[in-house]
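Let me begin by presenting the structure, written as structure tokens, before commenting on it.
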Amino acid sequence: LCDYLNNSQCTLGAVSRFQITIEYDENGYDGVNTEYNLDLEFTFEEVVYVARIGNKNYTTLQAAVTAVPTNHTQTTIVLLKNTSERVTINPGRSINLDFQGLVLTNPDTYPILTINGNVTGTSARGADVTISNGTIRTSATQAAINVEKEGTLVMTGGRIEATGNRQAIYINDGGTATISGDVFLTAQAQIESGKYRGTVQTIAGGTLNILGGTIEATGVNGIAVSNAGTTTIGVKDGNVSTTTPGIA
């Protein structure tokens, strides 16, 4: 049984052999030539694909991410439909995520995308992720995107809309995020336990480079907040624009 999109691969199909056994009652077979009609019923469900790598389709974005090689071979993942997922991208993967104008939302309170760096004691560098041409929308109580350790995020287009009193992008422990091009970020920045949170926040050596786009804070705190991190503001694309309360 193969789906029509992957009919040459049958990745989601199966070939099954089964045996039908007819048992008689305790009196056994009576020697009469009897014809038996058996009704077999099969139920088929539609296969819904969320993402594509090359000519192979996946039913979840996480499944596509997991299929990416861990040797930093650059791989493009194309989103095929709006979806609600929590996706973790582990070290060794280099991904260009093309949203095709679609929307990725959060199913729970955690970051929609977590971009991980090195595991202690390993030599593989963190995941590299480039995002363009779509929207990440979250009402979660954590950031929309979390960039950890040596993980790297590059946004060259698209939107992040965070309405859950946390950041659009959170950069932690040596992670790096670069924003350029036609990017729009908005978040409900806040103060929690005396700690400032901005639309984009860096801590513990994280690095944020703003080279273009528009960033706003709909809460009371800064656009970009650095707590033991580094924020640089450039004009590479000539269209850096922020709204009050500005950079902190």
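Is one or more of the residues making up the range 195-212 open to solvent by 20 Å² or more (accessible area, probe 1.4 Å), more than 21 Å from Ala127 (Cβ to Cβ) and at pLDDT below 80?
Yes: one or more hits.
Please tell me if Thr130 is touching a helix residue (DSSP H, G or I) at 6+ places or on another chain (Cβ under 7 Å), of a type in the set (Val, Ile, Thr), open to solvent by 10 Å² or more (accessible area, probe 1.4 Å) and closer than 24 Å to Lys56 by Cβ.
no
Go through the range 73-91 residue by residue and tally those that are farther than 13 Å from Val50 by Cα, in contact with a Lys or Arg (Cβ under 8 Å, 6 or more places away or on another chain) and either outside any loop (DSSP other than H, G, I, E, B) or open to solvent by 40 Å² or more (accessible area, probe 1.4 Å) (or both).
Of the residues in the range 73-91, 1 are farther than 13 Å from Val50 by Cα, in contact with a Lys or Arg (Cβ under 8 Å, 6 or more places away or on another chain) and either outside any loop (DSSP other than H, G, I, E, B) or open to solvent by 40 Å² or more (accessible area, probe 1.4 Å) (or both).
Give the residue that is farthest from the chain's Cα centre (by Cα), with candidates limited to residues of the range 92-112 that are buried (at least 22 other Cβ atoms within 10 Å of the Cβ) and in contact (Cβ under 8 Å) with a residue 40 or more places away in the chain.
Among those that are buried (at least 22 other Cβ atoms within 10 Å of the Cβ) and in contact (Cβ under 8 Å) with a residue 40 or more places away in the chain, it is Pro111.
Quick one: which residue in Val200, Val147, Val183 is in contact (Cβ under 8 Å) with a residue 24 or more places away in the chain and within 24 Å of Lys81 (Cβ to Cβ)?
When all the criteria are applied, what remains is Val183.
I'd like the residue in the range 135-179 that is touching a Pro at 6+ places or on another chain (Cβ under 9 Å) and of a type in the set (A, V, I, L, M) and, out of all such residues, is nearest to Ser193 (Cα to Cα).
Taking the candidates together, the pick is Ala143.
The values are calculated or read from the model by the stated rules, or taken from the named source; none is laboratory data. All values derive from a computational prediction rather than experimental measurement. We place every Cβ from the backbone using ideal geometry, glycine too, and count neighbours over all the protein chains shown. Just the protein is used for accessible areas: all its heavy atoms, side chains included, with ligands, DNA and RNA removed. Shrake-Rupley method; radii C 1.70, N 1.55, O 1.52, S 1.80 Å.
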